[in-house]
Amino acid sequence: MTQLLALVVPALLLPAWVARGRCGVAAVTAVVGASSAAVTIAVWFVGRWAEADRWPGLLGLAELAALLLAVVLTLRSADGPRSAAAAWTACGAVGLWPSRFEAVDGPMGALDLFGFGSMLSLPAVLIGLYLRGLDGARLRAVAEARRAQRLELAHDLHDFVAHDVSGMVAQAQAGAYLATIDPARAAEMFERIEQAGQRALASLDRTVQLLRAEEGAGRAPQPGLTELREVAAQFVLSGGAEVRLELPEDPVPREVAGTVHRIVVEALTNVRRHAPTARTVDVRALRAGGRLELTVTSDGRGVAPGGRPRRGGGSGLSGLAARVEALGGSFEAGPHGVRSWRVAAVLPLGEAHDRQGVRRSAAKAAAREEHA
């Protein structure tokens, strides 16, 4: 009759597994562990089992495996006093299980129970803690990746949206003046403001879509050197200074091209904000060995009298410096000459692109010789 007690805990396993989602793994482990300990105590009073009894032994092994698995799952999924109490209850039930077959006789018997419980419970505890550590590291890595993506999107907003918005502000100031003396030109200016606003809204829409998408799926290709001519043309049309571009003929790595694009956009935005008296902006990106040397030089700095500069500063230059340094290059920005401002960056291209450039140059030289 007492052997029927061996069915109590196995009968609880299925309902406990179903209830784990609602009650929590720690609560289920505590209930199963307390039930196992209660069965052991009941066996003490009703009568211990004989070592030759097969079915209580087999069911007991399944009970021990379930308790140890519950300890692993509890320590992996939860932390704090509740999890520790549940794991302690289950481990105690594992340690008491052998006393169902023989009585505890003095200190040596208690030591045997402690050794049996430690031998089985300690690996389960260590495995649970190890798995929890792996899960924590994975969650931290995911959080860091998401943070890096958000910072990247913030840089995108600063580099592209701020460029369009600053152009809109400059054109609106000019349009307000032209509206009184030349309405036709003012109308053209307001059309350009509308176009710049639409570009800024499109950039904002793309950013919102990226924030909603998982892992940045569907991200558009990063702009590079070919888009700089359009950026320069828009800068001139918005009333900015003349932009003179000198770009390399051979292709450069995508990361380098994207960084150059960001630097030029940020430099032109700063010219519009802080140097409205500038007349020309020289943008030169030249290959020199295994490097790409970029300089953006404007012939004016400071704010014109009567101007309305934007208060406060951004983090554009510092962000660009960090991006360039991450690629192994150098970045600097500051006064150049008497009334000029220069932004300079040196970006490594890599050996593969160096060899590609050498092969292209050799092919061009051979073609020139053939035509000669």
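The values are calculated or read from the model by the stated rules, or taken from the named source; none is laboratory data. Just so it is clear, the structure is predicted and the values come from calculations on it, not from any experiment. For neighbour counting, all protein chains shown are included, and Cβ atoms are generated from backbone atoms with ideal geometry for every residue, glycine included. The area values use the complete protein model at the heavy-atom level, side chains included, leaving out ligands, DNA and RNA. Shrake-Rupley method; radii C 1.70, N 1.55, O 1.52, S 1.80 Å.
Projected label points at residue 288 and residue 131, each 7 Å from Cα along the beta carbon direction, are separated by 5.8 nanometres.
As a calculated quantity, the FRET efficiency between residue 50 and residue 122 at R0 = 25 Å, using C-beta atoms, amounts to about 0.30. For residue 287, the accessible area of its heavy atoms, probed at 1.4 Å with every protein chain present, is near 70 square angstrom. The listed peptides 267-276, 178-187, 135-144, 331-340, ordered by packing as a protection proxy, come out as 267-276, 331-340, 178-187, 135-144 (highest mean of other Cβ atoms within 10 Å first).
Accessible surface for residue 14 stands near 120 Å², nearest 10, in the context of the full protein assembly shown (1.4 Å probe).
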